[in-house]
Amino acid sequence: MQACIDDGTLLLQQIDPAEISPGEFTAKIRDEVERENARLVVIDSLNGYQAAMPQENQLILQLHELLSYLNQQGVATLLLNVQQGLIGNVEANLAISYMADAVLLRFFETGGRVRKAISVLKNRGGEHEDTIREFRIGHSGVRIGEPLTDFHGVLTGNPTYIGEAEPLLQERPPDA
């Protein structure tokens, strides 16, 4: 990422929610979109935003306004929301799914290893694939595996393997 930061195609800003109001935060984002023609905004995570505005109804209104503006500008927005728990019952602390597409990332265990699964739960702009797939992020980028058809319960965090004894997403040599 350092090369992208150096050439100006990526801007990373750490924001302290105790030092900036949600309105100021929204203004900073709008400024970057208008001044630098930003095409992607990632907010990691919504917990800090929520801490700065503990009244959930106000927060939802602020987010709705921000997301509407970004959508009108053609900006893709990723909102990361920390969930309580890693395996089994997982709960999000902020219900914003009515105004955003929802991609679910889940951990699951198989063969003595922790794996990650990805699925699109909701896409407001059109049809989407409804399979659950293994994914991995590594030195060579993001890899998406075949649908996890031999598992049941991956999204619950307590999957049951019901398929043949075949490997999942294969390892690649470090230089691949």
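The values are calculated or read from the model by the stated rules, or taken from the named source; none is laboratory data. Treat the numbers as computed from the prediction; the structure is a model and nothing was measured. Reconstructed Cβ throughout: ideal geometry from the backbone, glycine too, with neighbour counts over all protein chains shown. All accessible areas refer to the heavy atoms of the entire protein, side chains included, with ligands and DNA or RNA removed. Shrake-Rupley method; radii C 1.70, N 1.55, O 1.52, S 1.80 Å.
Annotations
- Contacts under 7 angstrom Cβ, first residue in the range 143-154 being open to solvent by less than 90 Å² (accessible area, probe 1.4 Å), partner at pLDDT 90 or above and among the polar types (S, T, N, Q), 6 or more apart: PRO147/THR131
- Taking the listed residues ALA52, ALA27, the one that is among the small types (Gly, Ala, Ser), open to solvent by less than 60 Å² (accessible area, probe 1.4 Å) and at pLDDT 90 or above is ALA27, with no other qualifying.
- Here THR77 meets each of (1) modelled with pLDDT of 75 or more; (2) assigned to a helix (DSSP H, G or I); (3) surrounded by 13 or more Cβ atoms within 10 Å (Cβ to Cβ) with one exception, condition (2).
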